[in-house]
Structures are given as structure tokens and as C-alpha cells.
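Only the coordinates and a few stated rules stand behind these numbers; no lab work does. In this text, all values refer to a predicted model and were calculated from it rather than measured experimentally. Backbone-built Cβ (ideal geometry, glycine too); neighbour counts: all protein chains shown.
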Amino acid sequence: MTTTTTSHGRRGRARALPWYVLVPGSLAVVFLALPVAGLLGQAPWGRMWTLLSAPASLEALRLSLATSLLATAVAVALGLPLAWLMAHHHLFNGAWVRALVTLPLVLPPVVGGVALLLAFGRRGLVGQFLYDLLGVQLPFTTAAVVMAEAFVAMPFFVITVEGALRSTDRRYEQAAATLGAGRWTTFRRVTMPMIAPSLVAGTVLCWARALGEFGATLTFAGSFPGVTQTLPLAVYAALDVDRAQAIALSVVLLAVSVVVLVAARGQFVRGLLR
Amino acid sequence: MTRRAALPGGILAVALLASSCGGGLGAGSEDGATRVTVTVSAASSLTGAFTEIATAFERQNPGVAVRVNLGGSSALAEQINAGAPVDVFASASASTMATVVAAGNAVNPTTFARNSLAVVTPPANPAGITSLSDLARPGVTVAVCAPQVPCGSAAASLLDRAGIRVTPATLDPDVKAVLSRVTSDEVDAGIVYVTDARAAGAEAHTVEIPTSENVSTDYLIAVVEGSDQVDWARSFVDFVTGPGARATLTTAGFESP
């Protein structure tokens, strides 16, 4: 609370901006804005609806929606307990767990895909048993898409929520406990409402990342329409033959990203900095 | 597996080329001859063969360095039509070369090699593939190039002509990606070029497709109009189409046109 007041105070004092900040800063804005402008400028607005309602587009849209929502559900179901453990339990608090959770954020997704193959492919660490004993082959299935997306997107949720959990005032929880509330009731009635904004932000960011996943999906799950070819893969496949189609699908992904950014605002960054 | 995944290979190829160019330049300055660089844009399926051919050409012509720019044929054609300073273009398909000719950037291309398709399996051949029709068996996982790229459209017409219905497990963006799925034993079989099957060596088992059933693609080469090095470009084209390069191309698995 006190930090907010100080930053407000600082913002109040206006000063002349030095050119060596203003020029590169503006350049950065232009650099980031131009590709977006290019995409929007080249978008086939007139044919947008036709392109997006084509069976191939709808198939990719449907698959992307289903897999990204499932991946988000997995990330929340596993990630919320993990975030709680990381915030409150010494065993999950170490640098190792933290590094492991952050790894998919910085790892090139293609490498993530290769790693998933080496773990769950039919010659992989676990995959060989699945294949030899049960005849189950994960790669090239829709389940593999969900796994790839969850692997890459879960950290966004965990880090956001863990940051929020860490900064909650535990005295509220203690008070609830002294008043006779059980652990679960305390979590549900006291902790959850306190971290609600971060929960929402983490979930939305995680979903957006899952929706945009490309490298790990292509490597681990392959690309086949209706089974594993999600929106980003469809964009890539269309790029060589039907640029308009590729751009139309890209605009959809761009629109989703913008909505997500607005919805999630600063919550994620705050979580990362903690 | 993606273009991104193919990048390290590309970087390696560029590094190798850079080193081979260095040798060529060095030889030229020792002889006191003028340094000349011939830029060749070649389809990525020519990677191995053209790297060797360029070295042989440089050895034969001290003072001349050949810079090979590898990539997908259609991307290379687009670069040339956009005015890239290229002296020679070697394309993996007649239709791609046709776009360059139509734009007035090349005349009279020569067909210098032919490639066809092969089925490859992991060395142990886990699904016991012995013929093209085995790919249609239920439970057999198959990797094929996406229909947008030449190897994919060739594979599609191969299966079409044979009347075999295959549901691939994945449609990959390029032939190297298909090959790597096979060599890493993630799929039971893949359809690649004969030259890729040969380059894989012991890492893959090749199931040959009878010539009567097979689909082939032609490789065409031409001097690019407006080249600064027309004479050297012409002699490189002659070298590729002549006996000097024949053995290299044959060893790589290319057929004579």
C-alpha cells in the first residue's frame, strides 16, 4: 500500500524528457507496432468472414479452442496446488523447483517438444512402457497437443498465482483458523477471494499461451487437420499456399492476445518480479 | 521439425560453405588471379550434392568461389524474382523454375537430375513394411510432407496413382522433418525422396518403390538474367550438367534426366 502512494507522488512531478531516452524508447514502440500494423494492413477484411468460416479454418478453430481450454484446466488443477506448495512449503520453495517451473517459460518451445518426445514418445523414458505394455502411443494424438500446451503454459498460471499467495497477509487465514474454520474452508472463503484477481489473470494468460503454442505442438504432436493441427499450425501450413487465409487466422490470434492482455493487465508481471 | 528446427542445419550448411569459400578465395589470391564469387541458389534437397560440386568446381577453377544459397525452391524463386543478386538457380521442380522464366529472370533452363520417392522405416522396421500398400494397414503410423510442399504433393500423387488410402499421423513442413520422425523411431514409416533415404544411411531402412509406380521430380538449372558473372555462371551450369558432376549426383541418388 505504501509503495503505491510513493509512486503516485513521483508521477506527479513533471520533467523534461531527455532525448537519449525518448528516441530509443519511441523507436522501440515503432519496432513493436509495425508488425502489427503490417498484419492488420494486409488483412483481407472483405473476405474475412468467408475465410474464417471455411471448413478448414473452423476445424482448426474448434481444435484450438478445445485443446487450449483442456490444457488450461490441467494447468489450473495441477498448478494451483503447486503454487500453494511453492508459497508455503519449504520442500517446494527451493531454487530447484522454481527453476523447473520457470524453465518452460524460457525454453524454446521446439526444445520442449523434443523433450516431451524423449519422455513420452514411444522410445521415451515413460512412453516406451506405455507403448510396449499398453500399446498406447501419445505423439500424433489430440492428447499430445493438450500435453504440449499444458507444458508450455502452466508456468504462466503457477508463477502468477504463487506470487499472489506469497503476498497475502497470512494473519487473515490464521484468524479464520482460530475461529474454527478448517483448512479447506479457510482456503476457499479467505485465501481464494484475496488472490482472485491473480487467479483470473493467471488462468487467462495460461490459456492465451496454450492457444498460441506452436513449436512444442508441431514437434511432439505433429500436424494433421482435425487431430493435431491447431490454429498456429494451420497458419504455418497456409502461409506457402494461401497467404490471405494465413493472415485471416493470424488476425484471430492477434485479437485474442489483445483481449487477454487487457483482461490480465499487470498481474503476471507482478508475479514474476516477486 | 519446423522451419525453426531446420535452422541449425541451415546455419551449419552456411558455416561449411563459408569455410569452403574461404579456401577458394585463399587459393585465388595465392595464384594472384582475380577473385570471383559465383552465387548459386539451390533447392535444399541438393544440399549434399551441391556442396561437393561447388568444391570440385572451385578446385578446377582457382580464383573462383562458389557461394551456395540453400532453401526451398519456391522461396529461392521468390528471392530471385524480387531482384536478389544470384548468378545461378537450381530448382527442385519444373513449375518453380517456370515462375522464374515467366518473370524474365532466366532463359532455357536445363534439366540435370531427377529424383523419385522412397518409403523409409526405422532400421528395425517395427511395423514390418515391405511395400507401399503396407502404409494403409490400420495401426501403422506414417509421416508425410504437407501437401503444400513439393515432396508432399509428390507423395500425394504417388498414393493416389497407386490407389492407396493412407491417413498420415502427421503432415510435416519439409522432407527433413519426415526423415527425422523416422530415424528417431517415432513413426513406422515415412515417404521421402530417394536421395534423403540414401543420405540417412544406416539410420533408416529403405523400402524401394517400383519405377512403374513411382513419381519423379525434375531438377532444373539456369543462369539468372542480369548476373554479374555470366561467364562463370554459364561454366558452373555446364559443370553441373556435364560429366564433372555426374558421379556426385549419382552417388547422392539422383537419376540422369
Env charge @ A:Thr178, Cβ radius under 15 Å, K,R +1 / D,E -1, value +2
At q = 0.09, 0.13, 0.18 1/Å the base-10 log of I(q)/I(0) from the Debye formula over the alpha-carbon atoms of region B:115-257 is -0.32, -0.60, -0.96
Of all DSSP beta bridges having both residues in chain B, the percent classed as antiparallel (nearest 5) is 55 percent
Computed from the beta carbon distance with a Förster radius of 41 Å, FRET efficiency for A:His88 and A:Ser26 to the nearest 0.05 stands at 0.40
Over the protein assembly as shown, the sum of -39500 (n - 2.57) across DSSP H runs of at least four, divided by residue number and rounded to 500 deg cm²/dmol, gives at 222 nm -19000 deg cm²/dmol
Given a Förster distance of 60 Å, the FRET efficiency implied by the Cβ-Cβ spacing of B:Thr167 and A:Ala37, rounded to the nearest 0.05, works out to 0.90
Per the C-alpha gyration tensor (a ≥ b ≥ c, the square roots of its eigenvalues), region A:50-168 is rounded if a/c is under 1.5, else prolate if a/b beats b/c, else oblate; here it's oblate
For the pair B:Asp231 and B:Ala202, the simple spin-label estimate (label points 7 Å beyond Cα toward Cβ) gives in nm 4.9 nm
Given the candidates B:Ser227, B:Pro150, B:Ile191, the one whose Cα lies deepest towards the positive end of the charge dipole of region B:143-230, counting +1 at each Lys or Arg C-beta and -1 at each Asp or Glu C-beta, is B:Ile191
Magnitude of the Cβ-charge dipole (Lys and Arg +1, Asp and Glu -1) of chain A about the Cα centre, nearest 20 debye, reported as 1120 debye
Other residues with Cβ under 12 Å from the Cβ of B:Asn125 give, with Lys and Arg +1 and Asp and Glu -1, a net charge of -3
Taking a ≥ b ≥ c as the square roots of the Cα gyration tensor eigenvalues, with a/c under 1.5 meaning rounded and otherwise prolate when a/b beats b/c or oblate if not, chain A comes out oblate
Expressed in Å to one decimal, the Kirkwood Rh of the protein assembly as shown from all distinct alpha-carbon pairs is 26.6 Å
Extend 7 Å from the Cα of B:Thr250 along its Cα-to-C-beta direction; within region B:113-130, residues with backbone N under 19 Å of that point are B:113-116
Counting Lys and Arg as +1 and Asp and Glu as -1 over every other residue whose Cβ sits under 13 Å from the Cβ of A:Ser250, the net charge comes to 0
TM-like helix rule applied to chain A (DSSP H, alpha carbon span at least 30 Å on the long axis, mean Kyte-Doolittle at least -0.5) gives A:19-42, A:55-88, A:142-167, A:243-264
Shape call for region A:115-256, from the Cα gyration tensor axes a ≥ b ≥ c (a/c under 1.5 means rounded, otherwise prolate when a/b beats b/c, else oblate), comes out oblate
